[in-house]
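Taken together, the values in this text are just the output of simple stated rules run on the coordinates, not laboratory data. Predicted model only: the values in this text are computed from it and were never measured. No Cβ is skipped: glycine too gets one built from the backbone with ideal geometry, and neighbour counts run over all protein chains shown.
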Amino acid sequence: MTAEIASQIVLEHYGFTVKASALQGDEDENFKVVSENGNTYLLKVAVTETDDRFLQFQTAVLEHLASKKTSCQFSEILLNKEGKPLTSAIISEEKRTARLLTWLPGRLWAHVNPKTSKLRFSLGEKAGEITTALQNFQHPQANRSFDWNLADALWTEKYTDLFKDIEKDMVSFFQERFQEIQLVYQSLPKSVVHNDVNDHNIIVSSNLKNPEVTGIIDFGDAVYTQTINDLAITIAYAIMNTPDPLAAAVEIVQGYHSKYKLSEKELECLYTLVGMRLVITVTKAALRRADVSQNVYHFISEHDAWQLLKHWYGTYESFVLYNFRNACDYTPHPKEYEFKEWVVNNKISLNTLFPSLKFKNVTHVDMSIGSTWLGNKEEYSDTDITAYKLKQIEAENPESILANGYMEVRPFYTTKAFRMDGNNGPQYRTVHLGTDFWVAAKTPLHAAYDGKVVILHHNNYLKDYGPLMVLEHEFEGNPFYTLYGHLTLSSLELTKIGQEVKQGELIGYIGDASENGIWTPHLHFQVMLDLLGNTENFPGVAFPSEQQVWKSICQNPGLLFTEETQDTPEKISDEEIIDFRKEHLGKSLSLSYSEPLHIVRGEGVYLIDSDGKKYIDTANNVNHVGHQHPKVVAAGQQQMAVLNTNTRYLHKEIINYAEALLKKLPKELSVLHFVNSGSEANELALRMAKTVTGQENMLAIEVGYHGNTNAVMDVSSYKFDGKGGFPQPANTHILPLPDIFRGKHCGKNAGTEYANYATRHIEHLRGMDKGIAGFIGESMISCGGQIVPPKNYFKKVYKTVREAGGICIADEVQTGFGRMGKTFWAFELFDVVPDIVTMGKPAGNGHPLAVVACTKEISEKFHTGMEFFNTFGGNPVSCAIGRTVLEVIEEENLQQNALETGAFLKSGLLQLQKESPIIGDVRGEGLFLGFELTDNNKNPLAEHAAYLSDRMKTLGVLMSTDGPDYNVLKIKPPVVFNKEHAQELIDKLRIVFGEDFMKAY
């Protein structure tokens, strides 16, 4: 049927002129029709002669839903000229039935990117609302048997031979499971359901930043059947193409349950029903392919259905059930409370496990993600260091056994081996499911309870886990299991699978480091209520997002013992921290991101949150050689343990650091003053300039930022021109931002044109018989938007200022120490030598250390008799740290890394610019880069930049916005940032640039 015929039907039977365009459909032919006055409708025409009673049933469903108060939108049927909802039309000499419905505004789920957790929850809500609204609806046409009714899904058994190998295995598995659940399934509640909430029947709001489901369309498959079928169908389509389908399903179940209360029996069938809907989908596609169907819509879900079916088949059914139960506020494992009641009367002493040890109590050892006891990665990865620390605790607690770990989020598991891509970026299995007892190697181990051996395993590829044993026990007729990990290889020879063991019977020995990898000898002891199908191994760690489920499956081992074992301390919640900050910290102290991060550990280019999720840090130029660099940390610790005092005493460290730093500076800058922060450094530099020249007026660059003390705030346009700022001080004269992309001057003479503003200000001051103290400027303007000034800009400004008797100050707080790659200092890129250079943030790698370097002439003139003294500036600890930072830069060749990685990253960004025109400009040097988001007319897109920053955080990359219009993404990572990190950054940026909001500008 053509669009022209569709338009004729509307004109003839509904009385107005429309323009029609064809849409995809399964059975009906669908057309979007737009009237002359701009109203939009949906015309549905039955493909063949259809029993109008069924179309009347669909009409009745819509009328019933319209009478209910729901937040979900539904189409309304328009009456034709005869006042009827159904229209008979003769098309190609065939009687067809047409319906005209209102058009629901929005987007189809299939076309929405990204599909967020909130969006999936809202889908569950809307589907649940429909289920609730249809509970009391009845219609004679609702009771029908057809292929898409899940209750009739066993028709697919006739076609199992259409598939081969693993595909046939998967289809057969779910068919068999469907038969096995029939007794429970047939007893479940029934109602009329939509029966086809797929990605082409879900309407999503036009809000591209925070989309939500607004409506459900097309009730052509509505049927009276088990109510739970509708949720299964909704899940089956909505979780396709997700990295973690189960997590996506859980979000839908949560939303659905909030509107329609699911029973435990319904949840027991849900896993199988999702699988059977996928089986129907792939079987239908195979049959249609055999019939040589030309309708693309018939195969639209086939590939994705197979991919999901494979994943669903590989996910253990009980684990899915426990997740669904948890989503509906049921105890994840249904036998959890029974087990806890049984344990109360069946406790044992820890001596049952370790009869050869003498101890009276248990001492907890903190190995959590934020543990200061563990130290940095280099420390906790060293078996000898960990063993030494444990010996110290043992010495302090001679009558104790050391234990820890249950539900503890640990840093050991933040490596690639424990990483998986989740629906919200990378996630790590950081939650420890058992308790560790730190005892000596070869310590005899005995069974906790009577039981039998069900697993004996040694994984040669995961030597850090070592040999393990699992015993099966019984409580109130139900099984539970105890796991014993990190044993000796010889332990596996003491028993065999199926062997009965008695409580207190010797079952093994604790292995040493050679048998369990990097670990100091200990027992990993775990209690499980379900083996989840495992026959060789069992997980010892889990994802934080599934913590409540695993906490129910893997019970606290401490419940078994008469001795009191300390659980992992409850961590302070993010809400508590935020509330305290609001109440007791300065109101102007802001947090990054719409949902703030709770960061507890740093490691190289990564920041790690309280759940162990790692974020690539592209915004933090403070930790210059990497967060918590082991050598830098050690230098501070060692010197702090010996001495930390002021510079009134002689000490070698200040000399060592000064000599090392002077080697990196031009010979003209030969005198150093040590302070604690970039703000202090710039404050001192301004004071020097004013003292030496006897003048007060300063030149500074627009949107420049030089610190938070009074004098530097007065020359920081970024602050006084910003929100909550103050009038520009009379002695401050601002030069336009030398931006050649969107600035005042963008041509080939831009450098001279921008530099001329310095001349104008100086001449203006001269006309008032005033001189100039100097000029202060970042060698590359960071807060101004990662601006790279024209090549000759600083040379001309410096010349003008010096001719007027002023001092030239280069602020290298954010740009120095090899970040530029080509040069050690950014000012060197412009072939100038400042009179004063200020350094801060990177100098101490996060330790409060800053430096002012100046010429000998300035130093001598500044020495007026008034002593300059800084209590902590130049202290031995700071100097030891600063010296070590310089050593690390040299030893790890980090300036060269900045050059090579920066070039690699910049090339990737330029390629992204070709793919995404929203990137107006890419600029910078080394690992000081930025890209600016603009529309086609170079108008700034601040909202898009903020969106990008937030989305990148979700995907595991920290970025920050800046620039006068906050439309620039700045990239200033620790200079250990390498090409692998750069590639991940590019890959994640490409994902976000492909999202709907980033395309709408």
The chain: antiparallel bridges as % of DSSP beta bridges, rounded to 5, reads 80
In this structure, the FRET efficiency calculated for residue 111 and residue 147 from their beta-carbon separation, with R0 = 22 Å, to the nearest 0.05, is 0.25
Whole-Å distance linking the alpha carbon centroid of the range 244-282 with that of the range 373-422 is 39
Taking alpha-carbon centroids only, the range 168-185 lies from the range 1-60 a number of Å equal to 40
Filtering chymotrypsin sites (Phe, Trp or Tyr not before Pro) in the range 107-176 by DSSP loop and by at most 10 other Cβ atoms within 10 Å leaves 146
With Cα coordinates, the longest principal axis of the chain makes an angle with the long axis of helix 228-238, in degrees rounded to 10, of 40
Descending packing, highest mean Cβ count within 10 Å first, for 607-619, 882-894, 472-484 is 607-619, 882-894, 472-484
In nanometres, the difference between 0.36 nm per residue of separation and the alpha-carbon distance of residue 913 and residue 593 is 112.7 nm
When the charge dipole of the chain is computed with +1 at the Cβ of Lys and Arg and -1 at the Cβ of Asp and Glu, the Cα pointing farthest to the positive end, of 106, 689, 623, is that of 689
In the structure shown, of 340/442; 389/416; 663/795, the pairs separated by more than 25 angstrom at the C-alpha atoms are 340/442; 389/416
Within the range 499-600, DSSP-loop trypsin sites (Lys or Arg not before Pro) with at most 14 other C-beta atoms within 10 Å are 502, 587
Toy charge model, Lys and Arg Cβ at +1, Asp and Glu Cβ at -1: the chain dipole around Cα centroid in debye, rounded to 20, equals 2580
For the residue 210, residue 40 Cβ pair and Förster radius 25 Å, calculated FRET efficiency rounded to 0.05 is 0.55
For the chain, the charge dipole (Cβ of Lys, Arg +1; Cβ of Asp, Glu -1; about the Cα centre) points to a positive end, and the Cα of 211, 541, 978 closest to that extreme belongs to 978
Taking a straight Cα-to-Cα line shorter than 12 Å from residue 822, and setting aside same-chain aspartates and glutamates fewer than 8 residues away, one finds 900, 925
Given unit charges at Cβ for Lys, Arg (+) and Asp, Glu (-), the dipole magnitude of the range 3-102 about its Cα centre in debye, nearest 20, is 460
Long-range amide H partners of residue 600, meaning residues 5 or more apart or on another chain whose placed amide H is closer than 5 Å, are 608, 609, 610
Measuring from the longest principal axis of the C-alpha atoms of the chain, the long axis of helix 979-993 (C-alpha) lies at a number of degrees, nearest 10, equal to 50
With the dipole of the range 338-382 defined by +1 on each Lys or Arg Cβ and -1 on each Asp or Glu Cβ, the option from 353, 375, 364 whose Cα lies farthest towards the positive pole is 353
Extension length gain for residue 791 and residue 637 (0.36 nm per residue less Cα distance), in nm, is 51.2 nm
Sorted on mean Cβ neighbours within 10 Å (highest first), peptides 920-931, 279-290 come out as 920-931, 279-290
Over the chain, the sum of -39500 (n - 2.57) across DSSP H runs of at least four, divided by residue number and rounded to 500 deg cm²/dmol, gives at 222 nm -10500 deg cm²/dmol
Output ordering of 532-544, 403-415, 75-87 (per-residue mean of other Cβ within 10 Å, highest first) is 403-415, 532-544, 75-87
Diffing the range 603-615: the Karplus 3J(HN,Hα) column from phi (6.51, -1.76, 1.60, θ = phi - 60°), in whole Hz with x for Gly and Pro, holds 7, x, 8, 9, 10, 10, 8, 5, 9, x, 6, 9, 10
Full extension between residue 307 and residue 387 adds, at 0.36 nm per residue less the Cα distance, a length in nm of 24.2 nm
Amide H proximity to residue 505 below 5 Å, modelled H, separation 5+ or other chain, gives 447
Going residue by residue through the range 688-700, the Karplus relation 6.51 cos²θ - 1.76 cosθ + 1.60 with θ = phi - 60° gives ³J(HN,Hα) values, rounded to whole Hz and with x marking Gly or Pro, of 4, 4, 6, 5, 5, 8, x, 10, 10, 7, 10, 9, 8
Check: C-alpha center the range 719-748 vs C-alpha center the range 939-974, spacing in Å is 21
The lysines whose Cα lies under 17 Å from the Cα of residue 360, excluding any fewer than 8 residues away in the same chain, are 347
Those trypsin sites (Lys or Arg not before Pro) from the range 697-747 that are DSSP loop and have at most 11 other Cβ neighbours within 10 Å turn out to be 723
Expressed as a whole-number percentage, the relative contact order of the chain with C-alpha contacts under 8 angstrom and at least six residues apart is 8
Filtered hits (lysines, Cα-Cα < 20 Å from residue 261, offset >= 8 within chain) -> 68, 69, 118, 126, 190
Sorted by chain and number, the residues with a modelled amide H under 5 Å from that of residue 807, at a separation of 5 or more or across chains, are 774, 775
Residue by residue through the range 832-841, the couplings from Karplus 6.51 cos²θ - 1.76 cosθ + 1.60 with θ = phi - 60°, in Hz, x for Gly and Pro, are 10, 10, x, 7, 9, 10, 10, 10, x, 2
